[in-house]
Every structure is written in structure tokens, then in C-alpha cells.
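Engineer: Handing you this structure, nothing more for now.
Quick note: the coordinates plus some simple rules give every number you see, no bench work behind them. Since this is a predicted model, take the numbers as computed values, not measurements. Here Cβ is always computed from backbone atoms with ideal geometry, including for glycine, and neighbour counts include all displayed protein chains.
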Amino acid sequence: MPDSPVPGSSRVELWAARGEWEAFQIVLRDAAGASEIDVELDDLCLESGEACIPASSARLYRELFVEVIHPSPFGVTLHERAAGSYPDPLIPFADPYSQEPMPAGAPFDLEPGEVGAIFADWKIPPGAQAGSYAGAARVSAAGGKSALIEIRLQVWDFAIPAQPSVATAFGHSTGSIRAFHGGPEGDPAPGYEAIADRYFEILHVHRIDPLTIRGPVEFLFDESGELEPVDWTAYDESVGPWLDGSRFEDGIGVTRFNLGLFGPGRGTGEMSVDGYIQAAAAMAAHLKDRGWWERAWTYAIDEPWGNDDPDSAYARIAADSALLVQADEEWKDRVLVTSPYDERIDSAAGIWCPVTPMFDDWFFFWEPEADRTFYAERAERGEELWFYVCNANLPPYAGYDIDTRSGFEPRVVKWGAWYEGATGFLYWRATFWVDSDPWNVFLDLERFGEFAARNGDGMLLYPGDHDGTAAPRGSPDWLSIDGPIPSYRLKQVRDGLEDWEILRLAESLGAGDFARQQVERVYTRFGDFFMENCDDPVMYCPDDQPWTLDEQVLLDARRAVADRIVEILHAEPDKPEEPGGCGCGTSSAGEIWLALLALLGPAACGRLSLKYDC
């Protein structure tokens, strides 16, 4: 924040697993002002010199402040929402899409006394050697001004999976991109498709999959109503690259995807009931044949509880889901409903996806929703729990607001999702820009009104240009990049997803109880009712925080879990594990358990919750 104290330390200490991104900030202030500020990074190297992480693995951004004029509503003590300047857009030092080196975010100037921030993001290579690395960031400015920031990085001796195990589904509209890229007359700029692809690519780099991947397919019926053989060529050519990873630079495919078809509650369209069943059966059979079925899901009508006629909405979901089950009983497991559990669709959904306030009795205390115990029981039946956040996340619920002084809110909500047993996270849009001026107006009062509008809701990326049909609105006049500008909040979302992978890994190694103990230092619940009254147990009280306001506590808990993973993975062969662990040294009982676990796979220990004395 512009009024935050400038750190007195000139040393950065980082901890990361292989395959993670780890970021830090450099904060600058000069009483006399400074011009032509730039940064150069050293390679990070082990003291022995036998291994280095090159500076080319890092990305440097100038962190801009945006001005919030109209704060998001319903702030409470320690979770205030106020007008002012907040850090969010991250301008790459160099244009990442220019064929020739082109400066973008740096060099830059600071007025006398002005606070500036640099965001440095370092990718730990999957093959990096574990150990303690050292290097520096060298800050320079005109007139010979300079500063040296010492960097220490500890690489843990394990990796997070390159293929995310956590399901994500973040909405994204290429139509909104067209408004800010592509020529003021409405004609696409040369290479417009590549520009649109860059928005998908940057989400992918941050471990985020798109909400929907819908390929072209046509279901035709003969005169007797029988489904004719389906030509899947165009569908496979469209969907395949998303799943096999060939459309992404790193070659990693999406983890899960919404078909965009057969969404319960939307009816059978132009197909008869029997035709709908036949088509759904053909779709399931084809996805199974291609090996894509386990990754597929379908989106029932959105938020049926908020429908004008909820009873009718839930009834339609139940009826359509029943048709899908007639086609293939496994369809039920793939129906996602953005709703807490509801008995009206008890046997119609396989993925429950409530917004975080519609969980337990923390917000709707007068009509409690299903809690962690209930969903754990449903998980035993093969069902899943996902969560989402949106403009319903009133403080002290953690969300994606720009105007929060707790910048790690998007991260801590992922800790809560893991703790509550979720396997996925959904977000309705990453590019829902306020068309009037997305770099200056972040509160969509026209669509959501004074109660529900929140600064930055539906917006995790900024348009990098201002030459589209909405010109001159868009990026600042001095900035023109043929692609997206990431936000600070997007980085926090990614860090939360990486933490989620670490917690899942700990759980798979039998350290789930330990991980939960560490998470309990950070999180107890998603939030509280937004009215402040310490005399009423169902209201919010500043003395009883639902999640920590100290980011250092989160980072300490993360390190503790990672250290436990390293201990388990690299334990001495003859050293007995703690009771409840996944090994008993060389005892005969331990050998039997280890042999069993070898057959069941590495995740078995966490699933079986083994408890025994060595």
C-alpha cells in the first residue's frame, strides 16, 4: 500500500518446491525522486556453484496502484473497504509479445517521496537441485543511484505436480478482449487470434483452466428418431489440443473441463427426450473411448437457489439429470451445481459447488447449510465438493476484492477449500471488465447495484491495449501490449493453488493430520456474518478472526508442512516414523504395511488414515 512502511531490510528469503513460482516485492521510495529506475537479477546459485537457477526463469513487473473511488460495501473492523490507492496491475518490464525487445513497465520514474513497487516472480525449474541458493537483485536509477537486494532461496527436496491435481474452472470471454484489442473500426488486428490465445495461456501458467471447452458436434436423427452415426472429427480437433496440452507452451493439458453440453435444467433443446438420451449416451461413449471421460463435467443451470422459482429450477435439474443417468449412470457424477447440497436434487448432482458463504452456519445462521461433516459423508459416496467466490463474499469473508488491505485473501480462501475437503474451485469470470473504463472503474454498480458490486469482481486480468472497438478506453496511453496484464490478485490465486498441491501431497504421505493442524493456525472458517456485534455469537467480532490477518503465519505454516513432507520422503531407512505415519522402520509390521502401500499407491496412506504403533 502507498502508506505502508518501506521495509528496512535489503534481504529477501524465499522457500519453494520444485515446479513452483515464488514471488517477492521490492519497495522503493526516494525523498528526492528518481528516474530511469530498473532492476537486474543475478542467477541464483548454490554455494558450491554446482547448480544455478538462471535469472531468465524470473519475471519482473512494475506494480501499479489503481485508484478506488467507490469502495466495496460492508467492510467491518480489520476488514475495511475504503477509497484509496491499491496495488493490482503488474506491468511486465519488457513486452513479452514483441518480436524485438520493447520496454513496457521499466525503466520508470518516481516523484519525490512517492512509493513504488517491483514484483519479482521466480519459477523454480522442475529439475532444480534441492538446497540453499543465493543471488541478488540490483536496482539502479539515473545519477548513479543504486541498491542491492540480497536473495536467499531454499528449494525443498520435492516437487508439486506439473499437471495440477486441483480442478479449476475460471470463466473467460474472448468477446470482451475484442473490445480492447483489434482496431477501432471493429476489424480484427493482424494476429488477433494469437492475442486472444494469450489470455488463455496466462491463466494456464497460473494453474487455472477455462470454465468451458465446447467443441463443435452435431447430433442427427433419422426418420424413426434413431441417432445417426456421429462425426466426431471436428469435435476432437477442437477439444483435443486442450486436453493433450498441445495448445499450451508447456504441453500440459487441462485437468477438468465443462463440456458446455447437456447441462441439467436447460431442457433437451430441439431434441426429443429419447433423442437427448441417445445423444448423451453417444457423448459419454466417445469421451470414454478417447480417455477424456474422467476429466469431463457438465454445468447445471447456474445458482438455482437464486432463480425466480427455485422449486422449478431444482425440479428441472433433477429431471434432466435423470435423463442423463438413463443414458449412462456415470453422468450423475459429472453434474456440477453451483449450490449447496439440496435434497431436491439429492440424487441428481455429483459435484456440489457452493459459494463460500453458503457453507455451514457462518453466514446464513438462521438457515444453516451443509457443513464439512455432511460433505465428508457425501465424499464417501463418490461425490465432490468445490467452492467459488463472487460478489456475495462480503467481509470478513475472504474473496478477490481489489480494495482490501489483506492482499493474500485470494490465497487464504484456497487453504480453507482444502481444509473443508474440496477438490476444485470455480470462478465466474477473469475478464469481466467494466466497459466504460476497465483500468479506472472496478465496481460494476450498473449490473450489481450498491449491495452486491465489489471492486475487481470477475476481473483478474487487465486489457493490455486500447485500440479495439472500445478505444480509447483500455490500458493507459503509455502502455500497449498485445496481450493480458496480470493482477496481483491473480498471483495470489496461483500461490493458493500451489499451496493446495503441497497440502494434498502431505495428506497423500500420511501427514494429513499434521497439515490440518498447521492450516488451523491460518484458517478456522471462510468468514462470518457481516454485522459487527461481539455480544452476539452469530455476528462478526474482531476478537475472533475467521482467518489470520498475519500473512507471516500462513508462510510459517506452509514451511512447516513442506518440512514435514521432506522428512517423510527422505527419512533415514532405519528411523521409525511417528505413530500414524506411513512406515515403521524395519519392523516386520512396518514391512507388511509398506508392501501393502506399494500395491495401493502413494495416496493410500492418507485415504486409509493408518494408526498403529511401531
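Engineer: In whole Hz, what ³J(HN,Hα) sequence does region 12-29 give by Karplus (6.51, -1.76, 1.60; θ = phi - 60°), x for Gly and Pro?
Structural biologist: 10, 10, 10, 9, 7, 8, 4, x, 8, 9, 10, 10, 8, 10, 10, 9, 10, 8
Engineer: Something else about it: Summing -39500 (n - 2.57) over the DSSP H runs of n ≥ 4 in the chain and dividing by its residue number, what mean residue ellipticity at 222 nm do you reach, to the nearest 500 deg cm²/dmol?
Structural biologist: That comes out to -8500 deg cm²/dmol.
Engineer: Amide H of Ala23 versus every other amide H placed in the peptide plane: which residues, excluding those fewer than 5 positions away on the same chain, fall under 5 Å?
Structural biologist: Distant-sequence amide H within range of Ala23: Trp122.
Engineer: For Met459, enumerate residues with amide H under 5 Å from its amide H, sequence gap 5+ or separate chain, H modeled in the peptide plane.
Structural biologist: HN-HN under 5 Å from Met459: Phe432.
Engineer: A further question on this structure: Quick check on region 242-333: take the gyration tensor over C-alpha atoms, sort the square-rooted eigenvalues as a ≥ b ≥ c, and tell me if it's rounded (a/c under 1.5), prolate or oblate.
Structural biologist: Values: a/c = 2.70, a/b = 1.55, b/c = 1.74.
The shape class here is oblate.
Engineer: Ok, one more. Rounded to the nearest 0.05, what FRET efficiency do Thr469 and Ser312 give with R0 = 56 Å and r taken as the Cβ-Cβ distance? Could you check? Write out the running numbers ahead of the final one.
Structural biologist: Values: r = 38 Å, r/R0 = 0.69.
Taking R0 as 56 Å, the efficiency between Thr469 and Ser312 is 0.90.
Engineer: While we're on this one: Once you have the Cα-Cα distance between Trp293 and Asp536, take 0.36 nm times their residue separation minus that, and quote the gain in nm to one decimal.
Structural biologist: 82.6 nm
Engineer: Would you calculate the separation in nanometres between label points at Glu329 and Ala571, each defined as 7 Å from the Cα along the Cα-to-beta-carbon direction?
Structural biologist: 4.0
Engineer: Just check region 167-510 against the gyration tensor rule for me: Cα atoms, a ≥ b ≥ c as the square roots of the eigenvalues, rounded for a/c under 1.5, and otherwise prolate or oblate depending on whether a/b exceeds b/c.
Structural biologist: Oblate.
Engineer: Here's something else I'd like to know. Eight or more residues apart or on different chains, and alpha-carbon atoms under 27 Å: count the Lys pairs in the chain matching that.
Structural biologist: Count of close lysine pairs: 6.
Engineer: Now for a different question. What's the Kirkwood radius of region 502-543 in Å, using all Cα pairs?
Structural biologist: That comes to 12.3 Å for region 502-543.
Engineer: On each of the three principal axes of the Cα atoms of the chain, give max minus min coordinate, whole Å, ordered largest first.
Structural biologist: The Cα atoms of the chain stretch 83, 75, 58 Å along their principal axes.
Engineer: On to the next question. Measuring from a point 7 Å past the Cα of Phe24 along Cα-to-C-beta, which residues in region 37-71 have an amide N at less than 13 Å?
Structural biologist: Zone members listed by number: 41-45.
Engineer: Okay, moving on. Using every pair of alpha-carbon atoms in region 299-364, split the distances into 10 Å bins beginning at 0 and state the percent of pairs per bin, rounded to integers.
Structural biologist: 22, 54, 21, 3
Engineer: If I take R0 = 22 Å and measure r between the Cβ atoms of Asp157 and Ala55 in this structure, what FRET efficiency does the formula 1/(1 + (r/R0)^6) give, to the nearest 0.05? Could the numbers behind the result be given before it?
Structural biologist: Values: r = 23 Å, r/R0 = 1.04.
The value I calculate is 0.45.
Engineer: Moving to a separate point now. Based on Cα positions only, what radius of gyration and what Dmax would you give for region 283-394, in angstroms?
Structural biologist: For region 283-394, the Cα-based Rg and Dmax read 14.6, 48 Å.
Engineer: What are the residues whose amide H is under 5 Å from the amide H of Gly510, where those residues sit 5 or more places off or on another chain and H is modelled from the backbone?
Structural biologist: The answer is Gly606.
Engineer: Multiply the residue separation of Glu446 and Ser238 by 0.36 nm, subtract the distance between their alpha-carbon atoms, and state the gained length in nm to one decimal.
Structural biologist: Separation in residues times 0.36 nm, less the Cα-Cα distance, equals 71.3 nm.
Engineer: Starting with the highest mean, order 548-557, 444-453 by the number of other Cβ atoms within 10 Å, averaged over the residues of each peptide.
Structural biologist: Ranking the peptides 548-557, 444-453 by packing returns 548-557, 444-453.
Engineer: Here's another thing I want to ask about it. Residue separation times 0.36 nm, minus the C-alpha to C-alpha distance between His70 and Ser85: what's the value?
Structural biologist: Additional length available on full extension: 4.3 nm.
Engineer: Just check region 411-508 against the gyration tensor rule for me: Cα atoms, a ≥ b ≥ c as the square roots of the eigenvalues, rounded for a/c under 1.5, and otherwise prolate or oblate depending on whether a/b exceeds b/c.
Structural biologist: It comes out oblate by the Cα gyration axes.
Engineer: Let me ask something else. For region 127-139, in order, what is each residue's ³J(HN,Hα) by Karplus, 6.51 cos²θ - 1.76 cosθ + 1.60 with θ = phi - 60°, in whole Hz (x at glycine and Pro)?
Structural biologist: x, 4, 6, 5, x, 9, 9, 9, x, 7, 10, 10, 9
Engineer: Which whole-number percent gives the relative contact order of the chain, counting Cα pairs below 8 Å spaced six or more residues apart?
Structural biologist: Relative CO of the chain lands at 15 percent.
Engineer: Same structure again: Could you work out how far the C-alpha centroid of region 327-387 sits from that of region 134-181, in angstrom?
Structural biologist: So the two Cα centres are separated by 35 Å.
Engineer: Per residue, how much space in cubic angstrom lies within the convex hull of the C-alpha atoms of region 11-158?
Structural biologist: Details: hull volume 24.5 nm³, N = 148.
With only Cα atoms used, region 11-158 gives 166 Å³ per residue.
Engineer: Would you mind telling me the antiparallel percentage of the DSSP bridges in the chain, rounded to 5?
Structural biologist: Of those bridges, close to 65 percent are antiparallel.
Engineer: Given a Förster distance of 41 Å, report the FRET efficiency between Ser165 and Glu114 from their Cβ-Cβ distance, rounded to the nearest 0.05.
Structural biologist: In this case the efficiency is close to 0.45.
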